[in-house]
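Written below as structure tokens is the structure these notes are about.
Computed from the coordinates by the stated procedures, all read-outs in this text should not be read as laboratory data. In this text the structure is predicted, and so the values were computed from the model without any measurement. Here the Cβ is made from the backbone with ideal geometry for all residues, glycine too, and neighbour counts use every protein chain on show.
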Amino acid sequence: MRNSAEWLARKVKGYGVTGQIFFVGDTHGHFGHVIHAVQELHPTAVIFLGDLQARRPLDQELKPILGLTDIWFIHGNHDTDSDHDYDNLFGSELAGRSLHGRVVEIAGVRVAGLGGVFRGQVWMPPGEAQHETPGAYIAFCGKGNRWRGGLPRKHRSSIFPIDYARLAEERAEMLVTHEAPTCHPHGFGAIDELARSLGISRLFHGHHHDRLDYTAHRDRLGFEAFGVGFCGITDQTGRVVVTGKFDELG
């Protein structure tokens, strides 16, 4: 795999100036490259962009860097694939570090977060929402479909309009999402609109495992956008720290 310890050592050595915040693309259970980059470059904060799929509780996976950097995350669709995936994230000692649905000042920057994905059973923009709130979906799905007495596990990574609307009332400088804006072929106008409502200057997203060139879309969007690829790391200026396995750009 490209992010072997030897390859990462070469990549990190040649990186140069350290950014304050590192944005981490979908890891799907791989954390060695994050640990190595933090130990070598000492960012103030690390933000995971979803689909962590930790194989152990997240605090155990990241134990070597817990005292070295400020750790935050948003969840992705695969973080609710199994009880194991869910519990290792939301049952870990880092569960309170979720940015979903809120704005937090990180390394002096106001960062907003929207985790999860759009799903037709709940809301698939630009269409009308089927269910505005988790409570409405719980009432709809019936007792037999509830998970641990509440929302079905799968839909704990679905974007509900109420969370989106509340976040849109805030102001921030950066936005992190799992879903992509429209500069990506599979992006959503709803993400564009959220970014503009927040007044952000930069957006970072995961989910698609690629890093496409969004330069031509900057003026239309009104903000800079960066996709962070599978096991990739990008700093707050948009510069690549660790190249994702499937990145188009190095």
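Within the same chain, aspartates and glutamates fewer than 8 places from Lys154 are excluded, and of the rest, those with a Cα less than 12 Å from its Cα are Asp79, Asp81, Asp83, Asp85. Between region 186-202 and region 69-138, the C-alpha centres lie 16 angstrom from each other. Cα-based values for the chain, radius of gyration first and Dmax second, are 17.4, 55 Å. This model, with +1 at the C-beta of Lys and Arg and -1 at the C-beta of Asp and Glu, gives region 17-165 a dipole about its Cα centre of some 380 debye.
Within 10 Å, count the other beta carbons around each residue, average over each peptide in 122-129, 194-201, and list them highest first. Can you show the working numbers first?
Values: 122-129: 14.4, 194-201: 19.4.
Descending mean neighbour count gives 194-201, 122-129.
Simple point charges give the picture: +1 on the Cβ of Lys and Arg, -1 on the Cβ of Asp and Glu, and for the chain a dipole about the Cα centre of about 280 debye.
Neighbour counts of C-beta atoms inside 10 Å place Cys141, Cys231 in the sequence Cys141, Cys231, starting with the fewest. Computed from Cα positions, the angle between helix 189-198 and the longest principal axis of the chain comes to roughly 70 degrees. Work out the FRET efficiency for Arg166 and Lys245 from their Cβ-Cβ distance, taking R0 = 25 Å, and round it to the nearest 0.05. Plugging the Cβ-Cβ distance into 1/(1 + (r/R0)^6) gives 0.10. Only one residue of Gly222, Gln53, Ile162 has its Cα farthest out toward the positive end of the dipole of the chain, where Lys and Arg carry +1 and Asp and Glu -1 on Cβ, and that residue is Gln53.
What's the FRET efficiency of Arg102 with Asp219 using the Cβ-Cβ distance as r and R₀ = 30 Å, to the nearest 0.05? Spell out each step's value before the answer.
Details: r = 29 Å, r/R0 = 0.97.
Plugging the Cβ-Cβ distance into 1/(1 + (r/R0)^6) gives 0.55.
DSSP beta bridges fully contained in the chain are about 35 percent antiparallel. A full extension of the chain between Gln130 and Asp87 corresponds to an added length of 12.7 nm, given 0.36 nm per residue minus the alpha carbon distance.
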